[in-house]
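Structure first, commentary second.
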Amino acid sequence: MPILKVNNITKRFGGLLAVHDLSLTVEKGEILGLIGPNGAGKTTAFNMISGYYEPNQGQIIFDGQDITGLRPDEICKLGLVRTFQVVKPFYQLSVLDNVMVGAYNCTNKNNIAKEKSEEILEFLGMTDLSDHLARNLSVVGRKRLEIARVLASEPKMILFDEAMAGLRPTETDEIIELVRQISQQGIALLLVEHVMKVIMSLSDRIVVIHHGEKIAEGKPQQIVRDDAVIDAYLGEVTTDVAS
């Protein structure tokens with residue numbers, strides 16, 4: 001049974017139809033890529049799944065439970081968490097304290113939260129940064145900190161919203177490998193990403209949306225050869241990513 005089922009969700013903002021009748025599923029341990037042009041409705045879909053927006057219609061099922069209309073904190077408690085394209089850590093707190101904020105999703109005991117957070121930082125190779133203030137981290141350091149914080153919450157599934165945005169190629173490669181390691185732990189992932197190298201190398205399947213509607217779904221090599229996707233989004237990029 002899929003860990004996430006999105007059934008015919010629609011979101012309107014006044015007269016603007018941002019997402020229309022969108023359905024998708026994510027299997028346990030699967031990496032699903034969600035792509036489309038700017039303004040296609042990707043982030044709006046993320047915001048509905050994670051509880052920041054309530055759909056005007058449709059249903060969202062996570063791990064067998066209807067989460068439609070639940071608050072973000074309630075959804076997080078169930079094991080569905082997200083990152084944000086614009087990373088906003090608690091700048092005045094240390095790296096360790098930032099990660100502990102995520103760990104408090106699972107415990108109210110300081111020693112347990114601290115121990116779990118230290119384990120996560122070791123996994124991410126950030127132990128030597130534990131006492132540093134978050135405001136002093138580089139862009140890639142803040143991206144890693146965001147990932148550390150969601151991992152500390154013991155997620156069953158993570159929604160990654162352009163986790164590679166603003167990174168240099170070598171830094172992107174590092175985060176790609178990190179995402180692979182997270183997936184190997186059995187955590188399901190839904191990726192919104194414009195960097196096609198990321199989507200192609202990580203995704204088991206890809207869903208493409210345009211003007212708020214799904215226009216294609218399939219394996220990466222099928223998607224890059226889909227005429228509707230080429231016309232709506234990929235264009236000349238297709239030759240490079242399909243070779």
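Laboratory data are not the source of any read-out in this text; all were calculated from the coordinates shown. Since we're looking at a predicted model, the values are computed, not measured. Counting neighbours? That spans all protein chains shown, and the Cβs are built from the backbone with ideal geometry, glycine included.
Tell me, how many Å apart are the Cα centres for region 1-71 and for region 212-227? Taking the Cα centre of each part, region 1-71 and region 212-227 sit 18 Å apart.
The ranking of Leu121, Leu78 by Cβ neighbour count inside 10 Å, starting from the fewest, reads Leu78, Leu121.
For the chain, the 222 nm mean residue ellipticity estimated from helices alone, with every DSSP H stretch of n ≥ 4 adding -39500 (n - 2.57) and the total spread over all residues, rounds to -9500 deg cm²/dmol.
In order along region 210-219, the Karplus-derived 3J(HN,Hα) couplings, from 6.51 cos²θ - 1.76 cosθ + 1.60 at θ = phi - 60°, round to 8, 6, x, 10, 6, 10, 6, 7, x, 5 Hz, and Gly and Pro are given as x. Between Val86 and Asn110, the modelled label-to-label distance comes to 3.4 nm, taking each label 7 Å out from Cα in the direction of the beta carbon. Taking every full run of DSSP H in the chain, the ones that stretch at least 15 Å from end to end by Cα along their long axis and average 0.0 or higher on the Kyte-Doolittle scale are 139-152.
For region 4-242, the relative contact order works out to 27 percent when only alpha carbon pairs closer than 8 Å and six or more residues apart are counted.
Working out 0.36 nm times the residue gap between Ser94 and Gln181, then minus their Cα-Cα distance, what length gain in nm do you get to one decimal?
Working: separation 87, 0.36 × 87 = 31.32 nm, distance 2.49 nm.
Roughly 28.8 nm would be gained on extension.
Taking the charge dipole of the chain about its Cα centre, with +1 at Lys and Arg Cβ atoms and -1 at Asp and Glu Cβ atoms, the residue from His210, Ser130, Ile75 reaching farthest to the positive side is Ile75. Put simply, the amide H of Gly33, placed in the peptide plane, has neighbours under 5 Å in Leu191, Asp204, Arg205, Ile206, Val207, leaving out anything fewer than 5 places away on its chain.
Between amide H atoms placed 1.01 Å from N, distances below 5 Å from Gln57 occur with Thr10, all of them 5 or more places distant or on a separate chain.
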